[in-house]
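Please read the structure below before turning to the comments.
Just so it is clear, none of the values below were taken in a lab; they were calculated from the coordinates. Remember, it's a predicted structure, so these values are computed and weren't measured experimentally. Glycine also receives a Cβ, built like all others from the backbone with ideal geometry; neighbour counts cover every protein chain displayed.
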């Protein structure tokens, strides 16, 4: 596995052209240690990330997860942290153009870590991986550590070619999806291959991972194609540039891996059902070698200069934005791979839950998917496109994503599909719903969310989740009171407070933008109107929706009252 990864890395790195070239007299050079060592350490970093994530996924899927968590995870997480630290040092050397020792003596390390995206990204990775190492000794839940590991994968997406792409937001989100899917897929296979031999009942874990692997394969293919297209820009660059030829190599590897997956489903899993593990282990071993080679190719690709692209896109937004029209608001669309993946996962998870039920009201399923459509439109439809440039449209987006969509999702009653009892806190849900918008408008967070992709994504996903949880857990009339209070605070801040986005909107330099003060007032009115209309969907008498056989949610708190799917 290691020989395949490093062998392909060195060949592809040499072919890509970013190897150590002869130094030009008078110009600084990081030297061969940095030029060749950085991609090698990056591959080690990625392999440690895969091993850590795969071990955590195995701990979730297999019955002996506690021993995996106690022995394997801390070692791999610590190795991940160490490789991130070495990556920082070599990247600093590469950034300032001098050998590592001279770069450290220059005193630029602290500035590089705090103010340069490449340094800050791996500093975050270092901190998160050390946290994972510590939490394994504190007996944290494997699924929580797995989520933390997936978060630790994302910061480097901001420090590669995608961050400087013409459509940088699109490139970064597609790369985030790509990194997450690849790591879950490769890491999960690694975890099964290492720990399956000790498992007494491996078949259930293999079946579950087979479903995960299929989903990851689709996500890898789609996100990889999107990211490559953003970087290449045209079909002529696929075979007309070294970057494009390396992309072709990754495509070939992906096709072969797809064949391996098909063979697993057709033969090796069937053999495992008969009690024979050897075919699965042999094919998985070969698959893992090819995956390591693909990872080496990916690291070399990240060090290969992409072909020059055009500069027609908007410098700040990263895409051209046509003047605002009603038709544009309805028809414009900018697909975001990460947000769409979240929406699709929510839809698939709901369908899986419904299929486990003996009976389920059809109207609740319709409400759930209507909520997903509203959320998707608010994120990637015309509202999501123009929200970056027009404040009133941004308030419509907040209303759709934070209230209208979650109300419909709550009518779908997703908690009734969860098998095990849960502890719920309506008061906490109410506070979590009420805080975001006042916090955005009372602090510089709104301005930051417009210019920083990570903050914007966190805000969007948080609004959806907090809104859905709030409207599920809080009784309709209590929810109405909380929403009315939030409305009053938001209206007061927008109608009497300072202009929001004073640096962002003028910086777009779009001649057709409306007057800021009038647009802010319009935004307050639109937000209030949409949220009040949405409340009509939850203030109907609950008893009119009671249906026979409605599944129950057991609530182990307070007096242990029971809520049904019709009572929300």
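For region 259-370, taking Cα atoms only, Rg and Dmax work out to 23.3, 64 Å respectively.
Note that region 421-497 shows a convex hull volume over its alpha carbon atoms of 89 Å³ per residue.
Quick one: what do you get for region 460-535 if you divide its Cα Rg by 2.2 N^0.38 Å?
On the way: Rg = 15.2 Å, N = 76, 2.2 N^0.38 = 11.4 Å.
Compared with the compact-globule rule of thumb, region 460-535 sits at 1.34.
Convex hull volume of the Cα atoms in region 326-564, per residue, in Å³?
Values: hull volume 30.8 nm³, N = 239.
Expressed per residue, the convex hull around the Cα atoms of region 326-564 is 129 Å³.
Highest mean packing first, where packing is the average number of other Cβ atoms within 10 Å per residue, the peptides 150-159, 466-475 line up as 466-475, 150-159. Evaluated at q = 0.12, 0.20, 0.21, 0.24 Å⁻¹, a Debye calculation over the C-alpha positions of region 371-437 (equal weights, vacuum) places log10 I(q)/I(0) at -0.40, -0.87, -0.92, -1.04. Label separation (residue 340 vs residue 448): 3.0 nm, computed from points 7 Å beyond Cα along the C-beta direction. Binning the alpha carbon pair distances of region 327-453 at 10 angstrom intervals from zero yields the distribution 11, 35, 35, 16, 3, expressed in whole percent. Peptides 181-193, 49-61, 321-333, 250-262 ordered by packing proxy, namely the average of other Cβ atoms within 10 Å per residue, highest first: 49-61, 181-193, 250-262, 321-333.
Among 173, 211, what is the fewest-to-most ranking by other Cβ atoms within 10 Å? All intermediate terms of the calculation are to be shown ahead of the outcome.
Details: 173 25, 211 11.
Ranked by crowding around the Cβ, least crowded first: 211, 173.
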